[in-house]
Each structure stands twice: as C-alpha cells, then as structure tokens.
Amino acid sequence: MKKIFLKMKRGYMIIETMVAVSLFIIIVMSGMNALLNANLLHQKSQSMRSVMDNLSFIMEDISKNLRTGYNYYCITGSDDLSNVSTRKSGQSCWGVAFESAAGSTSNPNDQWVYYIDNFGKIFKSTQGPYVVSNFVQLTPDEVVINSVSSFSVLGAESISTNQQQPFVGIKLVGSITFKNIITPFSLQTSISQRLIDV
C-alpha cells in the first residue's frame with residue numbers, strides 16, 4: 001500500500017512537462033501564423049477594395065456628367081482637340097469631350113473632357129481640352145488601363161442626320177498592382193444622354 005501511495009504522490013517528470021510545454025508552444029505558434037496570414041490577407045483585400053471603389057467612383061462620375069451633358073465628341077487618334085465643339089460619333093475613342101449641363105456651345109473653354117492617356121491613366125478637364133494644366137489624373141498609380149479600353153460614342157451627329165439618342169459606352173480593362181500582386185479588372189458601362197435629342 002505504501003508503494004502505491006508513493007507512486008501517486010510523485011507528480012510529473014520534467015521530460016513529460018517539457019513535452020507538454022513544447023506541444024503547447026507548437027500549437028500556439030501555428031495559430032499565430034494563421035492569424036498573421038489572415039490579417040495580411042485582410043489588409044490586402046481592404047487595399048484592393050479601396051482601389052476598386054475608386055474606379056467605381058470614377059465610372060459613376062463619368063456616367064453622371066455624360067448623362068447630363070450634350071454635344072458628345074469622340075476623340076480619336078487623328079484629333080488635335082481644336083474642333084471638339086462639334087459633334088462626332090465613333091468607336092474605339094481614346095477620349096470623349098462634351099458640353100456640361102451648365103455649359104454653352106458658344107464657349108469652347110467650358111467643355112468637359114475625359115481621356116485615357118498612353119500610360120493607362122484617366123484624365124479629366126472641366127475647362128476645355130486646350131490647356132494641359134487643366135487636366136487632373138483620376139486613376140490612382142496602382143491602376144493601369146490597357147490599350148483595349150475605350151469610349152464609344154453613338155448618335156452624336158445633328159438631329160437632321162441622325163434619329164438615335166446620343167449614347168456613350170465605356171469599357172475599361174486593366175490591372176491593379178499592389179505589393180507586387182497583379183489583379184486584372186474589367187469595368188463596362190453605357191450612358192444615354194438625358195436631354196432628348198431625336
């Protein structure tokens with residue numbers, strides 16, 4: 001009976017304790033690794049979401065202003081922007097110029113212009129296309145828009161030659177580079193002029 005009592009009173013050996021503590025540390029460290037990875041993924045997704053929200057806001061801004069504007073002009077590669085006060089339809093435009101809702105066709109310096117430059121950035125001017133310093137970059141530096149992106153303008157000609165309500169299509173295809181991770185995107189929308197023009 002004394003032997004049984006002595007065995008029960010002895011407790012854990014140091015090796016058993018070290019093995020238990022080691023297993024506990026391994027489990028805690030793997031849990032911390034998973035927690036840190038989840039936090040990193042959350043930060044990346046938040047940053048990507050912020051950039052995508054920015055792109056969505058840009059598309060909404062363009063859509064709202066085009067919808068309330070008039071006298072659309074499709075800017076193509078051969079245009080020098082000196083005659084954008086007229087109307088012009090076209091496919092695969094690199095930009096679009098138009099009169100804003102408060103604009104006047106007699107003032108060429110109140111036209112609004114949106115265009116995609118050669119480096120894949122969207123620029124905007126609310127003071128006409130003639131002064132380069134009037135343009136503001138809308139897209140963040142992480143966003144690069146591919147050359148397949150474009151504006152298309154339909155039905156912009158005068159009423160006598162056209163029976164279609166003016167219509168603008170926007171297609172943006174590109175990539176977002178954030179912390180050396182490239183994520184492709186594709187946004188597309190279409191806008192019809194609110195002012196009746198048929």
**Prompt:** By how many nm would the segment from Thr189 to Arg49 grow when fully extended, if each residue of separation counts as 0.36 nm and the alpha-carbon distance is taken off?
**Reply:** 48.5 nm
**Between the range 35-114 and the range 166-198, the alpha-carbon center distance in angstrom** = 8 Å
**Item:** MRE, 222 nm, helices only [DSSP H, n ≥ 4, -39500 (n - 2.57), over the chain, to nearest 500]
**Value:** -11500 deg cm²/dmol
**Message:** With the cut-off at 1.5 for a/c, could you classify the chain from its C-alpha gyration tensor as rounded, prolate or oblate?
**Reply:** prolate
**Net +/- balance of residues flanking Thr105 in space, Cβ distance below 12 Å, scoring K and R +1, D and E -1** = -1
**Fill in**
Sorted on mean Cβ neighbours within 10 Å (highest first), peptides 13-21, 44-52 come out as 44-52, 13-21
**Request:** Could you pull out every residue, at least 5 positions away or on a different chain, whose amide H is within less than 5 Å of the one on Ile75? Hs are placed 1.01 Å off N in the peptide plane, and Pro or chain starts have none.
**Result:** Trp94, Gly95, Val96, Ala97
**Message:** Just to confirm a number: summing +1 for Lys and Arg and -1 for Asp and Glu over residues other than Thr177 whose beta-carbon lies under 14 angstrom from that of Thr177, what do you get?
**Reply:** +1
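For the ranges 180-186, 53-59, what's the packing order if you count other beta-carbon atoms within 10 Å of each residue, average per peptide, and put the highest first?
53-59, 180-186
Only the coordinates and a few stated rules stand behind these numbers; no lab work does. Because the structure is predicted, anything quoted here is derived from the model rather than measured. Note that we place each Cβ from the backbone using ideal geometry, even for glycine, and neighbour counts take in every protein chain shown.
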